[in-house]
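Everything below concerns the one structure shown next.
The values are calculated or read from the model by the stated rules, or taken from the named source; none is laboratory data. Remember, predicted model here, so these are calculated numbers, not experimental data. Using ideal geometry, Cβ is built from the backbone for each residue, glycine included, and neighbour counts are taken over all protein chains shown. Heads up: the accessible areas ignore ligands, DNA and RNA and are worked out on the full protein's heavy atoms, side chains in. Shrake-Rupley method; radii C 1.70, N 1.55, O 1.52, S 1.80 Å.
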Amino acid sequence: MALALQAKNLTVSARIDGALVPAVRALSFDLEPGRILGLVGESGAGKSMVGRAIAQLLPAGFSITSGALLFEGEDVAGMPPRRRRALLGRAIAFIPQAPMTSLNPVLTVGAQFDEHLARFGAASRRARRDRAVAMLTAAKLPHAAGLLGQYPHQLSGGMCQRVLIALAFSTDPRLVVADEPTTALDVTTHPPILTLIADMQRQHGTAVIFITHDLRLAAQLCDQVTVMYAGRAVESGPARAVLATPAHPYTRCLQLANPSLRAERRALYVMPEQMPSLRQLRDLVGCHFAPRCPLVTDECRRGEPPDIAVATGHRAACIRTAATAGIAAAVRDDVAVRAGEQPLLQVVGLQKIYTVGAGPFGGGRAVAAVKRASFSIAENEFVALVGESGSGKSTIAKLLVGIEQPTAGRIVFAGEDLAATRNRAQRAASVQMVFQDPQSALNPRRRVASIVTQIMEAGSRHADWDQRLARTKDLLAEVGLSADFATRLPGQLSGGQRQRINIARALCALPRLLVADEIVSGLDVSIQAQLLNLLARLRAELDFAMLFISHDLSVVRHLCSRVLVMYDGEIVEQGPVAAVFDNPQHPHTRALISSVPPDEPQAPWAALKA
Amino acid sequence: MADALARSLRSPRVLIALGMLLCIGFCAVFAGLIAPHDPGDQNLLSILTPPAWVDGGDRNYLLGTDSLGRDVLSRLIYGARTAMLVALFASFGAMVIGTVLAHIAGYFGGAVDWLIGRAVDVWMSFPPVILSLILMVGLGTGLSKVILAIVLVDWTRFCRVLRSEVLIVTRHDYVAAARLLGFTHRQTIVREVFPATAPLLITLVSLEMAIAVIVEAILSFVGLGVGADQPAWGQMIADARQYVYQSPWNLLLPILAIFITVTAFNLLGDGLRRTLDVRLAETGR
Ligand SMILES: Nc1ncnc2c1ncn2[C@@H]1O[C@H](COP(=O)(O)OP(=O)(O)OP(=O)(O)O)[C@@H](O)[C@H]1O
Ligand code: SF4
Ligand SMILES: [Mg+2]
């Protein structure tokens, strides 16, 4: 039988300053019909480039410079445009990363289905409608017929993604490319969406390329995986084997950098630095992973390591694969920190009601973002707040720091009612916030030194510049950046570095409570590990408590000692992390926990129903 | 911002525009020194003489004379002074009012925003030229009256465009962060929001100067401008209209002057818009 998709030494290059730099290098894989191939890697690894090469939608300046991509034996790049148009969307379908923006907002679901099916030759309007209803029903969407008349904005993200999956499979494609199909969705919707993709794939006998950054998830869903780093496939093989016995140091480090939800709490492996950018890649000789690799030897820098077979069908591009299993994270050293006895923050009966759609003279509809919330945080304690999107987590954060005023309830900080605190400077010095999106949280016009010491120019204070520079130096050292970052602009920093600056600014006046809203969410696993270790170290050094908002339970379990579970504006469960995660009481807590894939690739993932 | 301004000085559009404006500005400032005649001096013995290079031209009057025998070149030079004064002060005044209101509306939102927004709407529902004519009838003629009328009409232009920019900037987390760090509202607006809207503001000002030049010309043309004693390009056009067959130059020259000035301001605005757009320039490592 012909292969559904075959990559033969595929190289995709970008033109940078006149030189060609490969973003994907000599990538080869075989995808048989009816199988799922996982492309795994952090951002910038080049995994999305493969999907884009198939669709022939490479970004400007990028092109396939050598090798070939064969769909059922036909070269995708070389085929006539007319032939490609006939294939794309029909025989080759795509499931996008951002479902909300991928549907046309001005057309109903029915109209989009109709248009799609008509383009690929479904005869009558009646037949197209029946097909649409059948596909939507198969996608487990309730009231499929009624859904046809609805607009995308009337659906949740998960529903949009189901519609897109139904749409993708409606033409009986022979290849489906799914690029991070769950990343933009709520964690609790991940298992059902993945189950749906797997079901559809099985029913239609489709070959699937599944692009993801999550190793554990790939191991559960895929037959084969290819791990990519800086454009190269560093390891490939049967999904479970690659995860159970990783042969390449990068795969192993990635695994160790990810905290576990179920296993014994252990230290995270911290890879130094970050993945090289295309520009840096140009000047790198030898193994591209060498700057971050714990096993690096002089020989690694001499030439690119060959692709070595470590078992049947399991290959790795490394000269020291035998030593990989020995890589281990340092022992956890922050266990000594104990939360204090005294409650630092007490929140009693907190409520926030927003009025939406109101004019200047009132009116509008009341939305209870937080219905009732009571909790406390002790001195030096890290408390997590988890819950699905829209449950009110960010609203609590805004109420605590004073961006919003509560409708009812009290916030008592160190024995003082915060609502009554008129002294803004005092409040600023005791409670600070780290924002989620470091891009938006840093003024692009201020230099790093001016950002991290911004609190010193607030109100009537006018610290002189020497003072501020001295403080900058200390703060940069605290967050693990060198002093020459002081003069940089935020635009010249990577995502992880920006988040460090963000943390440094919040810590400038040594607050006693930090509110952190999803501060590691958008970051790569290796950068996330760096930041989690940083936060643990800073707590030991500087003594502060933190409300850590996250949707990632593994991260929460690693960093925090107590957890609050929020659902629909209420705190439905709270307690020590171990107690809540090992013995969840509320159904929503259980749903959150079961949506995390197990660490062991062999272990069954109950939420992913066969 | 300083970097961006330096960068814009390398843009050919900006350089050409600045060159043109420098010439016009030089004429405006040193009108008394370079004008060969007093712009009001009448020589009834040589009226409607064509420019010197045309048959019947007079070396004494390089660009000819008008129907009262006044020197066209000198009147053009003094007219530049009028045009530049109006452009500068009117756009500056409109900018100050529009910018302050836009920042208040966009930053605070809610009822304040609503109120300012409706005021702008009502104001803008009048055609601008009609509104300024009505104002001039009420205010009377004179340089300061023209400036005042343009300010009163055109602040809405700044207010509307800037308000949406302020809204976008205010939504950034760094503005909320500034408040959390203890910044007062005024500090937040001045130090965090305004620097982000300033590039757009500069662009708008240079475009507004072009508009002010045109409006001043229109007002002077209909006789509701700076007043008869002060030379203005619009007035020169109005005068020359009646003798357009005898002396087309008198009509063409002030039109050309307006055209060049307006083009220069527009070119400057366009060049600045391209180079100051920080959103385009500051990404990428
Ligand atoms: N300014 C606002 N005006 C009106 N409604 C709001 C406002 N802010 C939040 N809400 C609503 O309040 C509810 C809770 O929102 P919140 O942002 O606190 O959720 P969240 O748990 O942080 O979600 P996510 O995980 O997506 O960040 C949502 O229904 C949201 O639409
Ligand atoms: S070749 Fe060397 S540097 Fe590269 S991954 Fe293997 S051990 Fe590390
Ligand atoms: Mg949130």
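Does segment A:487-551 come out rounded, prolate or oblate by the C-alpha gyration tensor, with a ≥ b ≥ c the root eigenvalues, rounded set by a/c under 1.5 and, if not, prolate when a/b is larger than b/c and oblate if not?
Oblate is the answer for segment A:487-551, as a/c is 1.5 or above yet b/c matches or exceeds a/b.
If I build a Gaussian network model for chain B, linking alpha-carbon pairs within less than 10 angstrom, which residue out of B:111, B:80, B:35 has the largest mean-square fluctuation?
B:111
How many square angstrom of accessible surface are buried between A and B, both sides summed, with a 1.4 Å probe and rounding to 100?
Interface between A and B: roughly 2400 Å².
Excluding ligands, DNA and RNA, what is the solvent-accessible area per residue of chain A at a probe of 1.4 Å, expressed in Å²?
On a per-residue basis, chain A sits at 42 Å².
Spelling out what I want: for every residue of segment A:518-529, take phi, set θ = phi - 60°, compute 6.51 cos²θ - 1.76 cosθ + 1.60 (Karplus), and round to whole Hz; glycine and proline get x.
These are the phi-based 3J(HN,Hα) values: 6, 7, 10, 4, x, 9, 5, 4, 5, 6, 4, 4 Hz.
More than 57 Å apart: what percent of Cα pairs in the protein assembly as shown qualify?
25 percent
For chain A, what number of Lys pairs, 8 or more residues apart or on separate chains, have alpha-carbon atoms under 17 Å from each other?
7
Starting from the 7 Å offset along Cα-to-Cβ, what nm value, one decimal, do you get for the label separation of residue A:83 and residue A:416?
Simple spin-label model gives 7.6 nm for this pair.
For segment B:193-285, what class follows from the C-alpha gyration tensor (a ≥ b ≥ c being the square roots of its eigenvalues): rounded when a/c is under 1.5, otherwise prolate if a/b is larger than b/c, else oblate?
prolate
Given the options B:113, B:38, B:229, state which has the largest fluctuation in a GNM of chain B using a 10 Å cut-off (strictly under) for Cα springs.
Among B:113, B:38, B:229, the largest mean-square fluctuation in the Gaussian network model of chain B belongs to B:229.
Divide by every residue of chain A the summed helix terms, -39500 (n - 2.57) for each DSSP H run of at least 4, and state the resulting mean residue ellipticity at 222 nm, rounded to the nearest 500 deg cm²/dmol.
Dividing the helical sum by the residues of chain A leaves -9000 deg cm²/dmol.
Carbon and sulfur: what percent of the protein assembly as shown's accessible surface (1.4 Å probe)?
58 percent
What's the local net charge at residue A:144, with K and R +1, D and E -1, over the other residues with C-beta under 12 Å away?
Computed value for this residue: +3.
Tell me, what ³J(HN,Hα) does each residue in segment A:107-118 have, in order and in whole Hz, if you take phi through Karplus 6.51 cos²θ - 1.76 cosθ + 1.60 with θ = phi - 60° and put x for Gly and Pro?
10, 6, 4, x, 4, 5, 4, 4, 4, 4, 5, 5
Taking only protein heavy atoms and a 1.4 Å probe, what accessible area per residue, in Å², does segment B:1-98 have with all protein chains in place?
Per residue, segment B:1-98 has 52 Å² of solvent-accessible surface.
Tell me the relative contact order for segment A:103-170 as a rounded percent, counting alpha carbon contacts under 8 Å between residues six or more apart.
The value is 46 percent.
Run the numbers on segment B:96-144: which residues show a drop of 50 Å² or more in accessible area, chain on its own versus all protein chains together, using a 1.4 Å probe over heavy atoms?
B:114
Apply the a/c threshold of 1.5 to the C-alpha gyration tensor of segment A:103-170 and tell me whether it is rounded, prolate or oblate.
Cα axes put segment A:103-170 in the prolate bin.
Please report, ordered by residue number, every helix of chain B (full DSSP H runs) that is 18 Å or longer along its axis going by C-alpha atoms and whose mean Kyte-Doolittle hydropathy reaches 1.0.
TM-like helix candidates: B:12-29, B:72-108, B:143-170, B:194-221, B:248-276.
Taking the alpha-carbon centroid of each part, what is the distance from segment A:146-198 to segment A:230-295 in angstrom?
30 Å
For a Förster distance of 25 Å, can you work out the FRET efficiency between the beta-carbons of residue A:462 and residue B:144, rounded to the nearest 0.05?
0.05
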